[in-house]
Amino acid sequence: RIPFLCIFRCAQASNNRKNAAKMHRNATTTEPRRSTHHGRRRRSSRVGGLLLFFSVAVLLQGSLLRAPLLVSAQNCAEKGEKAKECGTDGNHPKKCCGDLVCRADGANSKCVNKSRNEQPLGTAADGDDGESYVVTPEGIFESFGEESFDICAGWGDKAVSCGEENVGRSHFCCGGYKCEKGSIKCTHATEETKPLDPIEAKFQQKPIKVNDNIEVLGTTFNSAQDRDSLTIGVPKEAEKGCFLLMLVGGSASGNAIPGDPSGKGWKQIYVFGKKDLNLRALYKWHNDGDESYEITGGKNTLTTLVAIDGVDKKDPVVDAAGVRNSAPGKDGRATAPRVKGERGGCTFGVFLYDDPQVCQVVSDPKSFHVLATTESKQGADGMGTFVASTDGTGKTDIIEVAGSPAKGGGNDCAMTVTLRG
């Protein structure tokens, strides 16, 4: 491995030797040079120059191929590049450039903007490209997608800035949180981020007139654990021809993911999540007279079934999207993404937890009606489903929920589904 400086000096030394030899010949020779000798020297000089040129080119090629290995340690890492201070062991710069910081989640040792690491979760903001986005740990959410983002620490989470030694954990507390005194964990800094007081499970008790078009007739919920099959009944208020929305969650499932419900005519709206925590939405029209449906194949299964009147018969679904681990912390905070909605329709927010959470809507509690928010029968998991009128055409607002402190990892799946009235 020959550095550029060495190549330059070798070429310079060779040139100096040529000049010295030339001066020596001029000092010792008084006879005029013969044309034949002059031609030979010119040819010799050209050959020597070409040899030197190709030698330097070869050396430069080898050095260029190895240049990152030689100079990376002296440079800083730009946005999106890895740095040693972020946990990588490879041939990368030691630090991030300027105001860049390590990814808060430590997922890939990359440098990112400090402002994004500290952006409060579940809030709208302006991105580097001027586009509006919603900050969640898994992404910057628009209607149809996500991109890699940085996880900050929520309530009860450990943070490097609070004294946590594992740099793979979050580096900062999220907006609205601070380091707890005498602890390496984050706690609430405002009343808005304080964990909610525990509440009892709530279920829809009577039909809900969402708007002039949509009425939620009734809701049922059931859960099963340890690979037991689950049977969920159709709400007794359901009328023939009404729209049935089924929401199926799987927790601690491993390779056992809940299968399709029994009965004919089910159509899938949206499915997402990994094998350990997943959520899906399906629908059908209640025309066959079935009174219940069975779901098998899951390990821990939680299911909500909603009967709705007034949904468009030809094209009932407007949009749907979901995100896994939508907010940090161990207090049941979760954020369902924005999707497309149409005036006169309805918006559902669905939240699944691998902890016993009974969540409540906090972003716009007056607009949302509770359909079911409860722990599973065995007290291991939780699920919440809420509905509101879609009062405008375009992107819906995010739906943020919260709960109370619970043991466990604080993982969640959050989904938004919009229907056409």
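The values are calculated or read from the model by the stated rules, or taken from the named source; none is laboratory data. In this text, all values refer to a predicted model and were calculated from it rather than measured experimentally. Here Cβ is always computed from backbone atoms with ideal geometry, including for glycine, and neighbour counts include all displayed protein chains. Side chains included, ligands, DNA and RNA excluded: accessible areas come from the protein's heavy atoms. Shrake-Rupley method; radii C 1.70, N 1.55, O 1.52, S 1.80 Å.
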For a protection proxy built on the mean count of beta-carbon atoms within 10 angstrom, sort 280-289, 391-400 highest first, please.
391-400, 280-289
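For the stretch 152-191, with all protein chains present and a 1.4 Å probe, just round the carbon and sulfur fraction of the accessible area to a whole percent. Numbers along the way, then the final one.
On the way: 980 of 2050 Å².
The value for the stretch 152-191 is 48 percent carbon and sulfur by accessible area.
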Rolling a 1.4 angstrom probe over the protein heavy atoms, how many square angstrom per residue are accessible across the stretch 290-421?
32 Å²
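Compare the peptides 296-307, 264-275 by average per-residue count of other Cβ atoms within 10 angstrom and give them in order, highest first. Intermediate values should be presented prior to the final figure.
Values: 296-307: 23.7, 264-275: 14.8.
So the peptides 296-307, 264-275, ranked by packing, come out 296-307, 264-275.
Around S262, under 13 Å between beta carbons, what's the net of Lys plus Arg minus Asp minus Glu among the other residues? Intermediate results must be reported in sequence, preceding the final value.
Details: positive: K264, K284; negative: D260, D288, D290, E291, E294.
After counting each charged neighbour, the total is -3.
By accessible area of protein heavy atoms, probe 1.4 Å, what ranking do K313, K236, K340 get, highest first? Walk me through the numbers on the way to the answer.
Details: K313 130, K236 185, K340 100 Å².
Largest accessible area first, the list is K236, K313, K340.
First select every other residue whose beta carbon is under 11 angstrom from the beta carbon of D315; then total the charges, Lys and Arg +1, Asp and Glu -1.
Numbers: positive: K313, K314, R420; negative: D312, E342.
For residues surrounding D315, the net value is +1.
Once you list every other residue whose beta carbon is under 11 Å from the beta carbon of D355, what net charge do they have if Lys and Arg are +1 and Asp and Glu are -1?
On the way: positive: K330, K407; negative: D331, D354, E375, D381, D412.
It works out to a net charge of -3.
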Partner lysines whose C-alpha sits under 25 Å from that of K366, ignoring same-chain residues fewer than 8 away, are K194, K202, K206, K209, K330, K340, K395
So who's got an amide H within less than 5 Å of the one on T390, skipping anything under 5 residues away but keeping other chains? H placed 1.01 Å off N, in plane.
G344, G345, C346, T347
Of all accessible surface on the stretch 234-377 at a 1.4 Å probe, what whole percent is carbon and sulfur?
44 percent
